[in-house]
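What follows is one structure encoded as structure tokens, with my remarks underneath.
The values are calculated or read from the model by the stated rules, or taken from the named source; none is laboratory data. Since this is a predicted model, take the numbers as computed values, not measurements. Cβ placement follows ideal geometry from the backbone for every residue including glycine, while neighbour counts extend to all protein chains displayed. Note: accessible area is taken over every heavy atom of the protein model, side chains too, but ligands, DNA and RNA are not part of it. Shrake-Rupley method; radii C 1.70, N 1.55, O 1.52, S 1.80 Å.
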Amino acid sequence: MSPSPWSDAIPLGRDLRLVVCDMDGTLLDGEQRIPDDFWAVSERLADRGIALVPASGRQYATLQRMFAEEQSVTTFIAENGNLVVRDGEADVVGCLPQELVLSVAERVRGAGDRDLGLVFCGRRSAYIERSDAAFVSEAERYYAQLEVVDDLTEVDDLPLKLAVYAFDGAESAAQDVLSGIPGTHEVVVSGEHWADIMNPDVNKGVALRELQRALGVTPAQTAAFGDYLNDLEMLEAAELSFAMENAHARVKAGARFSAPSNRAHGVVRVLEQLLEA
């Protein structure tokens, strides 16, 4: 059987040392689960001394729970790069001023007929003030440590980032509701329904480059997988950059190579081929 176009294009024989992988729309399948066939690949990576690092907008506690059975996964890039945890030691890469929390909360509360929910992503936990089942169920998918509070502006925790869930679409919400907020920050669309407000000097790419320096790994020794706009800088930091078949058009344009979709277990398929080289 002749190889498929994506597999035919992959450059083999690289000195691979680091694999960094987004979760939603990338590693996770259509049921929001890590594919069963991933674990054998993860063990093969560990046997070769190749570090596997999940890189996600998700909370560290959520990522830790998802990889609880895989002891070789000890490093995580969480909160879209604002928190890096290596062997249990956490490094806060970026955070937001408290006054920005107030500004964003006021925007979300006053959004009129826009159906929005706000998550305060703190160092200790995530916090929400909207408590209806529809929004809580969405927040619980990404935040294992989650508290409902009366007022997000009164939370006593370090704000790593703010996440807005827009039931009617994140890109339009970012433009219509979150643009023009005073202060130094960046709005990053991280999924179909999620937009993150972050320190403008922090992203997954910044966190990855810091990790590469700490590990003594080069971009040429790094493979990265992503599907959405918050993955762009991360893909730029890896010479083996893969956009999923289901990726946003800008991500496909920015990546050097393609991978099958997350529903087709594309990360697993590519890693299997890289490991065979």
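General remarks:
- Crossing angle, helix 98-109 versus the chain [Cα axis fit, 0-90 degrees, rounded to tens]: 80 degrees
- Between the exposed loop cleavage positions of the chain, defined as GluC sites (Glu not before Pro) in a non-H, G, I, E, B DSSP state with at most 14 neighbouring beta-carbon atoms within 10 angstrom, the longest gap is 70-191.
- When Rg and Dmax are taken over the Cα atoms of the chain, they come to 18.4, 61 Å.
- Distance (nanometres) between label positions extended 7 Å along Cα→Cβ at GLU69 and ALA253: 4.1 nm
- Among residues other than ARG123 with Cβ under 10 Å from its Cβ, the summed charge is -1 (Lys and Arg +1, Asp and Glu -1).
- Fraction of beta bridges assigned by DSSP in the range 126-231 that are antiparallel (%, nearest 5): 75 percent
- Within the accessible area of the range 4-55 (1.4 Å probe), percent carbon and sulfur: 46 percent
- Sulfur and carbon atoms: percent of accessible area, the range 132-277 [1.4 Å]: 45 percent
- Computed over protein heavy atoms with a 1.4 Å probe, the accessible surface of the range 1-139 works out to 45 Å² per residue.
- The heavy atoms of ILE50 offer some 20 square angstrom of accessible surface to a 1.4 angstrom probe.
- Charge context of ASN80, other residues only, Cβ under 11 angstrom, K/R +1, D/E -1: -3
- With both residues required to sit in the chain, DSSP beta bridges show an antiparallel share near 60%.
- Nearest 10 degrees, 0 to 90: helix 38-47 Cα axis against the chain principal axis: 60 degrees
- Seen through its C-alpha gyration tensor, with square-root eigenvalues sorted a ≥ b ≥ c, the range 89-140 comes out oblate because a/c lies at 1.5 or above while a/b is not bigger than b/c.
- Full extension of the chain between ALA214 and VAL149 gives 19.6 nm of extra length, using 0.36 nm per residue less the Cα-Cα distance.
- For GLU147, neighbours were defined as the other residues whose beta-carbon sits under 14 Å from its Cβ, and their charges (Lys and Arg +1, Asp and Glu -1) total -4.
- Gain upon complete extension [LEU12, ASP176; 0.36 nm per residue less C-alpha separation]: 54.6 nm
- Gain on full stretching of the segment that runs from SER137 to ASP115 - 0.36 nm per residue minus C-alpha separation: 6.5 nm
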